[in-house]
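What follows is a set of notes on a single structure, which appears directly below.
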Amino acid sequence: MLKTDIIIIGAGPVGLFAVFEAGLMKLKCHLIDAIPEVGGQLTEIYPKKPIYDIPGYPTILAGELINNLMEQASPFKPGFTLGERAEKINKQVDGNFIVTTNEGTKHQAPVIMIAGGLGSFEPRKPKIDVLHNFEKKGVEFMVKDPEAFIGKKIFISGGGDSALDWAIYFAENNDSSVGLVHRSESFRAHKDSVEKVAKLQKEGKIDFYTNAEVIDLKGDEDLTMIEIKQKDQPNIKVKVDVWLPLFGLSPKLGPITNWGLAIEKNAIKVDNTLDYQSNIPGIFAIGDVNTYPGKLKLILCGFHEATLAVQKAYKIINPDKRFTLKYTTVQGIQGFE
Ligand SMILES: Cc1cc2nc3c(=O)[nH]c(=O)nc-3n(C[C@H](O)[C@H](O)[C@H](O)COP(=O)(O)OP(=O)(O)OC[C@H]3O[C@@H](n4cnc5c(N)ncnc54)[C@H](O)[C@@H]3O)c2cc1C
């Protein structure tokens with residue numbers, strides 16, 4: 001079991017900035033996120049949109065801000081458990097918390113910061129009766145490790161950025177062609193990606209089915225075949241090893257509501273007059289996931305909350321030490337070895 005000073009649940013902008021602020025106080029952090037990438041809403045919903053209200057940046061792309069936050073946190077060597085949802089929190093008699101993920105991974109720390117935003121991003125699943133029989137047996141809703149799919153016959157469903165980006169990736173990195181199935185003829189994805197898919201289709205690297213959808217799955221144990229319904233054409237059955245229905249992710253507060261925390265307006269109530277601690281001492285909530293009088297769901301507000309929360313975390317972890325705030329311009333950045 002991994003032991004650290006602070007377990008941060010949620011690797012969005014606020015969780016990432018908390019690593020930096022904790023690092024300045026010599027506290028080590030480990031982040032857990034349900035999605036396989038860092039960045040929260042900025043990565044999942046609007047990576048190419050410019051943000052105009054980050055202090056000191058008249059404009060910055062959301063994806064760029066996340067890259068910068070990762071760079072800023074890197075001297076403090078945070079650990080990451082990505083693609084796993086924090087499911088349970090148990091308090092031990094010695095005062096430590098153990099966080100267990102949906103994959104059974106366990107982490108231990110005396111302090112937890114929940115930076116879970118609107119909740120964990122969960123895949124939107126297609127309505128196929130036998131779907132659950134094939135989950136993780138050929139049906140995957142996220143690409144955690146693309147290498148694991150190389151050499152396999154892959155079909156992807158969806159018309160957004162994620163579906164097209166992965167179709168392009170596998171068309172360019174796999175020996176056999178990739179199938180792409182989309183319900184309509186228009187796409188929500190970036191124009192560049194749509195053009196790239198059309199080019200790869202001409203080169204015979206993508207089998208493209210528009211006005212079509214996967215309606216049934218077959219296989220004894222693992223998935224071996226999908227059935228595709230097409231507009232004005234007969235259904236077809238195609239042999240596959242992997243089907244990736246990539247219909248986007250929607251946030252769900254989910255397990256956070258089972259941890260005994262005071263919840264109001266679908267968010268965790270915290271004490272904003274002190275330190276953003278929840279009703280459970282040692283568990284803080286920062287960023288979009290918390291609520292208090294006057295709360296604004298803005299990135300810069302989350303950064304402020306993270307900064308104050310780690311001050312209190314330091315006192316919990318080092319009850320006998322005093323911390324004197326020094327400017328970074330004075331003390332510089334002393335990262336971890
Ligand atoms: C289209 C759009 C435009 C926006 N524009 C702006 C803007 O211009 N300026 C601005 O300040 N704000 C803007 N926002 C709001 C801003 O994105 C949020 O305030 C910010 O993302 C909050 O950051 P966060 O780190 O608190 O949470 P998020 O970014 O929501 O990240 C939370 C992370 O926690 C993870 N998580 C949750 N529960 C669990 C769990 N149980 N286990 C594991 N992981 C979990 C989620 O998967 C997610 O990755 C915008 C939002 C949207 C949707």
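The values are calculated or read from the model by the stated rules, or taken from the named source; none is laboratory data. Since the structure is predicted, the reported quantities are computational estimates derived from the model, not experimental observations. When we count neighbours, we look across all protein chains shown, and the Cβ atoms used for this are built from the backbone with ideal geometry, even at glycine.
Structure above, values below:
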read-out	value
Selection status of residue 83, at positive phi and within 17 Å of the chain's Cα centre (by Cα)	yes
Residue within segment 58-70 that is of a type in the set (Gly, Ala, Ser) and not in a helix (DSSP H, G or I) present	no
Test: residue in segment 110-128 that is free of Cβ contacts under 8 Å to residues at least 60 places away in the same chain, among the aliphatic types (A, V, I, L, M) and in the same structural domain as residue 279 (by TED's automatic domain parsing)	no
Enumeration of residues in segment 298-312 that are more than 14 Å from the ligand (Cβ to nearest atom) and within 16 Å of residue 9 (Cα to Cα)	310
Residue within segment 121-132 that is surrounded by 15 or more Cβ atoms within 10 Å (Cβ to Cβ), away from the ligand (no atom under 13 Å from the Cβ) and under 18 Å from the mean Cα position of the chain (by Cα) present	no
3 or more residues touching a helix residue (DSSP H, G or I) at 6+ places or on another chain (Cβ under 9 Å): qualifying strands (runs of 3 or more DSSP E) within segment 73-161	86-91, 111-114, 120-123, 154-157
Filter result for the condition that a residue is touching a Ser or Thr at 6+ places or on another chain (Cβ under 6 Å), assigned by TED's automatic domain parsing to the domain that holds residue 300 and either under 21 Å from residue 144 (Cα atoms) or surrounded by fewer than 15 Cβ atoms within 10 Å (Cβ to Cβ) (or both), over 36, 58, 50	50
Test: residue in segment 45-61 that is within 25 Å of residue 105 (Cβ to Cβ) and either more than 7 Å from the ligand (Cβ to nearest atom) or not basic (Lys, Arg) (or both)	no
Answer residue from segment 228-260, given it is touching a helix residue (DSSP H, G or I) at 6+ places or on another chain (Cβ under 8 Å) and of a type in the set (Val, Ile, Thr) and is nearest to the ligand (Cβ to nearest atom) among those	256
Within segment 129-163, tally of residues that are modelled with pLDDT of 95 or more, under 22 Å from residue 188 (Cβ atoms) and either of a type in the set (S, T, N, Q) or not assigned by TED's automatic domain parsing to the domain that holds residue 222 (or both)	1
Matching residues, segment 277-297, being within 13 Å of the ligand (Cβ to nearest atom), of a type in the set (Ser, Thr, Tyr) and under 14 Å from residue 9 (Cβ atoms)	none
Cross-chain or 6+ apart pairs with Cβ under 8 Å, segment 294-308 first and farther than 10 Å from residue 54 by Cα, then among the acidic types (Asp, Glu) and at pLDDT 95 or above	297/288; 302/288; 306/21; 307/21; 308/275
Residue in segment 12-33 that is touching a Leu at 6+ places or on another chain (Cβ under 9 Å), assigned to a strand (DSSP E or B) and either among the charged types (D, E, K, R) or modelled with pLDDT under 95 (or both) present	yes
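Results for (1) in contact with a Phe, Trp or Tyr (Cβ under 8 Å, 6 or more places away or on another chain); (2) part of a helix (DSSP H, G or I); (3) polar (S, T, N, Q), shown as yes or no for each residue.
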{"position": "228", "(1), (2), (3)": "yes, no, no"}
{"position": "243", "(1), (2), (3)": "yes, no, no"}
{"position": "247", "(1), (2), (3)": "no, no, no"}
{"position": "255", "(1), (2), (3)": "no, yes, no"}
{"position": "261", "(1), (2), (3)": "no, no, no"}
{"position": "268", "(1), (2), (3)": "no, no, no"}
{"position": "280", "(1), (2), (3)": "yes, no, no"}
{"position": "308", "(1), (2), (3)": "yes, yes, no"}
{"position": "315", "(1), (2), (3)": "yes, yes, no"}
